[in-house]
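Student: My questions all concern the structure below.
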Amino acid sequence: KLDSVTDLSSLPFQSLNDDTVVSVLRERFMTDNIYTALSSSALVALNPHKYVQSNSDAVCKRYADEYRDVDGGLRSGPHVFQLAGNAYYHMRRTGQDQCIGFT
């Protein structure tokens, strides 16, 4: 099922084309999964023009708790909170500035 593809970079190279990417994003969007990873440092976010549960305070707290989990526990799916947490972690670990661009 296409809505189970959480990372577009995991698609086989042979099937990677515009139609497949659009189909994956559409299927995920239709099930209110508005975030899809492109890699560990890139994310596609689609505007649902409505409230979605994945942007709740409880979800934000879950991603914050994952950031603090040094055991590397079960990771949640792609999310803007995860992207921000990864950038913050990298900044703290390396001391290098980080940038997140939105277009």
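The values are calculated or read from the model by the stated rules, or taken from the named source; none is laboratory data. Because the structure is predicted, anything quoted here is derived from the model rather than measured. Backbone-built Cβ (ideal geometry, glycine too); neighbour counts: all protein chains shown. Heavy atoms of the whole protein, side chains included, go into the accessibility calculation; ligands, DNA and RNA do not. Shrake-Rupley method; radii C 1.70, N 1.55, O 1.52, S 1.80 Å.
Yes/no per residue for (1) in a loop (DSSP other than H, G, I, E, B); (2) of a type in the set (Ser, Thr, Tyr); (3) modelled with pLDDT under 85:
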| site | (1), (2), (3) |
| --- | --- |
| Val24 | no, no, no |
| Ala37 | no, no, no |
| Tyr63 | no, yes, yes |
| Glu66 | no, no, yes |
| Gly77 | yes, no, yes |
| Asp97 | yes, no, no |
| Thr103 | yes, yes, yes |
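Student: Still on this structure, please answer the following. Starting from residues that are modelled with pLDDT under 90 and open to solvent by 60 Å² or more (accessible area, probe 1.4 Å), keep the ones in region 39-51 and report whichever is nearest to Val5 (Cα to Cα).
Tutor: Selected residue: Ser40.
Student: Do the conditions hold for Gly73, that is, is it surrounded by 12 or more Cβ atoms within 10 Å (Cβ to Cβ), out of contact with any His (no Cβ under 7 Å at 6 or more places or on another chain) and either aromatic (Phe, Trp, Tyr) or at pLDDT below 85 (or both)? Can you show your working first?
Tutor: Values: surrounded by 12 or more Cβ atoms within 10 Å (Cβ to Cβ): no; out of contact with any His (no Cβ under 7 Å at 6 or more places or on another chain): yes; either aromatic (Phe, Trp, Tyr) or at pLDDT below 85 (or both): yes.
In short, no.
Student: Given the criterion under 18 Å from Thr103 (Cβ atoms) and open to solvent by less than 80 Å² (accessible area, probe 1.4 Å), identify the matching residue among Leu8, Leu2.
Tutor: Details: Leu2 fails: under 18 Å from Thr103 (Cβ atoms).
Result of the check over Leu8, Leu2: Leu8.
Student: So Tyr88 clears everything in (1) open to solvent by less than 70 Å² (accessible area, probe 1.4 Å); (2) at pLDDT below 90; (3) within 19 Å of Phe102 (Cα to Cα) except one condition, right? Which one?
Tutor: (1)
Student: Could you grab me the full set of residues in region 12-22 that are modelled with pLDDT under 90 and either in contact with a strand residue (DSSP E or B) (Cβ under 7 Å, 6 or more places away or on another chain) or open to solvent by less than 60 Å² (accessible area, probe 1.4 Å) (or both)?
Tutor: Ser15
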